[in-house]
Amino acid sequence: MKSLKPIVLVLAGLFLIILMIPTLLVAPFMNDPSSGELSEDLQTKKGEQLMLGKSMIDVPVYRSSSEKIENIPLEEYVIGVVASEMPADFEEEALKAQALAARTYVVKQMMFDKQLPKLPAGAVVSDTTDHQVYKTNDQLKKQWGKDYNWKMTKIYNAVASTQGQVLTYDNKPIDASFFSTSNGYTENSDEYWTAALPYLKSVESPWDEKSPKYHDQTVISVRDFEKKLGVKLGSGGEVGKVIERTSGKRVAQVDFNGKKLSGRVIREKLGLRSSDFAWQLKGDQVVITTKGFGHGVGMSQYGANFMAQDGKKYKDIVSYYYQGAKVGSAEPFIAQYTARN
């Protein structure tokens, strides 16, 4: 009878290899708990590897600080926008809704075949509030400090969950505008801008009253008030008379002794948070109170978060704020952009 020793040794060796496989797979991703550096690097690599279908699409972003155009992979760009535009401690379903809106917004921008105003040739968007705020991984590390790991993980997961998805209406990407906090209602697009878009209609958003940004107060001298608006206040103590309101309960028009100004113009010239405002003349000052924060058109971010807290999913959220819009694939639009460029 032959010795069983060689067979035993072979089996023992195989057993050890099997035991070692999980360790070998996990080892490259293990981090020193005292530093967190490897964990941060892994998160960066994940973001960089996100892909749309089988191809990586770059977004030409005009970086305002360097005044140069930087080509950023689409999903990496979406991560940077979500991280910059919505608090990371919001509900994950709200973050998913924001990711979908951010991706849709930039894909629609890519569909334009004309040079956009305020942008140099070749750029699709800037990294400012003129379009969508975008911050790099390094900027976010500096901003978040010790909270970087959990915040980036949460945002990465939200973006990955909606990867390659956009909102469409009549088989075209929508103008997926969003803002911080409503006054209890969103606004019709044509009552703040000019275009009447069927998916940007006023809807109730009662949750927003719980937002920390729901109320605000601004105090401005009568002199500055008159100068900025180009009006003269009467001697009767009346600042101006609201003569029309929008569907979203914001100020549409104010009459200043015959001179009429829109609520949007007043908001922008006085730097108010919202065009739902009221004011009082107190001595030589005008005290202005506002409800809501932002233009009011599209998705309320705080409203989305409160809906998510109530158990709504991201598709429920976007279908509520973007009436009639559907969730679809970005690939056909990316293909058009690639063919054109």
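Every number in this text was worked out from the coordinates using simple rules, so none of it is lab data. These numbers come from a predicted model, not from an experiment. Neighbour counts run over all protein chains shown; Cβ positions are idealised from the backbone, glycine included.
The table that follows gives values for the structure above.
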| item | result |
| --- | --- |
| Signed unit charges on C-beta, dipole axis of segment 215-291, positive-most listed residue Trp279, Val254, Thr218 | Val254 |
| Label-to-label distance, nm, for residues given as Ala339 and Ala278 (7 Å Cα→Cβ offset) | 5.6 |
| Charge dipole (debye, nearest 20) of segment 215-291; +1 at Cβ of Lys and Arg, -1 at Cβ of Asp and Glu | 200 |
| Members of Lys227/Lys269; Lys172/Lys313; Lys213/Lys241 lying beyond 21 Å, as alpha-carbon distances in this model show | Lys172/Lys313; Lys213/Lys241 |
| Stretch gain in nm, segment Ala195-Phe112, where the contour uses 0.36 nm per residue and the Cα spacing is subtracted | 28.3 nm |
| Using a Förster distance of 35 Å, the FRET efficiency for Asn171-Asp147 (Cβ separation, nearest 0.05) | 0.30 |
| Dipole magnitude (debye, nearest 20) for segment 68-139, charges at Cβ of Lys, Arg, Asp, Glu | 440 |
| Cα-Cα pairs of segment 215-291 separated by more than 20 Å (percent) | 20 |
| Neighbour-limited loop hits for chymotrypsin sites (Phe, Trp or Tyr not before Pro), segment 211-258 (at most 16 other Cβ within 10 Å; DSSP other than H, G, I, E, B) | none |
| Inter-label distance, nm, simple model (7 Å from Cα along the C-beta direction), Arg223/Ser66 | 4.5 |
| Packing-based exposure ordering (other Cβ within 10 Å, fewest first) of Thr181, Thr186, Thr129, Thr218 | Thr129, Thr218, Thr181, Thr186 |
| Relative contact order (percent, whole number), segment 86-206, Cα cutoff 8 Å, 6+ residue spacing | 30 |
| Which of Val78, Val107 has the fewest Cβ neighbours within 10 Å, and the rest in rising order | Val107, Val78 |
| Charge dipole (debye, nearest 20) of segment 150-257; +1 at Cβ of Lys and Arg, -1 at Cβ of Asp and Glu | 360 |
